[in-house]
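Here the structure is laid out as structure tokens; the discussion comes afterwards.
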Amino acid sequence: MRHFVSAAFGLCLAAAAPVAAEQVVVVELYTSQGCSSCPPADEFVAMLASDPRILPLALHVDYWDYIGWADKFAHPKFTDRQRAYAKAVGSRTIYTPQLIIGGQDRIEGFAPDKTAERLRAHLKATTPVRLSVTREGERIVIRAEADPPLKEPVRVQLVRYKPQETVTIERGENAGRTMTYHNIVTSWEAVADWAGQEPLELVAPYGGDEPGAVILQTAGPAAILAAARVD
């Protein structure tokens, strides 16, 4: 089943137009080790991560912990971010698994065909923002410009994540399963706000070995206008 989905998904994306090498489409997965519906979506992240045009980020939420297994990757901030997405579209309900593509498209449950369809659209889309990130030792330099200038400001965000970790789940709905998780978000912090009128250049601290990404996103949270990896 996984092989079939992977092959079909690869064929769906093969025809998509290329994007600039340094910029990527962000896919946020809201998941939990305590959710029995999440493992297929968790495995899906590994497949998405193999495409350099796509940056999947797994944000583990904490509202399943009460069932009996505390997700070691969960953080209340990630639950708050998912709730903010729901509030932005007038919804009072949040789900796991849930994918949010480019800050705009929300997909509840494991739906690879629908995900491929929306990813094709995002990969073909253009953006007025050019973003680049350069690492210089223990810091990064973020540069961006918008043509035409933006009509509303964007938030500059820095994300850090673990590429991979394997966990044996001992209790809860997934008791007895051993899962390998990918692109596990460890922090998601705002760095600055940018009006998008004049070119942006700013420096942010960046220590340690964890990879990351810089994401420029409109308020809501809403559309992600640009994102670039930090390796």
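Descriptive notes on the structure:
- About the centre of its Cα atoms, the chain shows a dipole size close to 420 debye [charges on the beta carbon of Lys, Arg (+1) and Asp, Glu (-1) only; nearest 20 debye].
- When only Cα pairs below 8 angstrom with a gap of at least 6 residues are kept, the chain shows a relative contact order of 24 percent.
- Summary of packing: across the peptides 178-188, 216-226, the per-residue average of other C-beta atoms within 10 Å ranks them, highest first, as 216-226, 178-188.
- Counting charges near Gly34 (Lys, Arg +1; Asp, Glu -1) among other residues having Cβ under 10 Å from its Cβ returns a value of -3.
- Computed over the chain, the range of Cα coordinates on each principal axis works out to 53, 39, 37 Å, biggest value leading.
- Dividing the summed -39500 (n - 2.57) terms of all DSSP H runs of n ≥ 4 by the residue count of the chain sets its mean residue ellipticity at 222 nm at -7000 deg cm²/dmol.
- By average C-beta atoms within 10 angstrom, highest first, the peptides 85-91, 54-60, 42-48: 54-60, 42-48, 85-91
- Two-site label geometry, Thr126 and Arg155: point separation in nm, points 7 Å out along Cα→Cβ: 2.9 nm
Taken together, the values in this text are just the output of simple stated rules run on the coordinates, not laboratory data. These numbers come from a predicted model, not from an experiment. Reconstructed Cβ throughout: ideal geometry from the backbone, glycine too, with neighbour counts over all protein chains shown.
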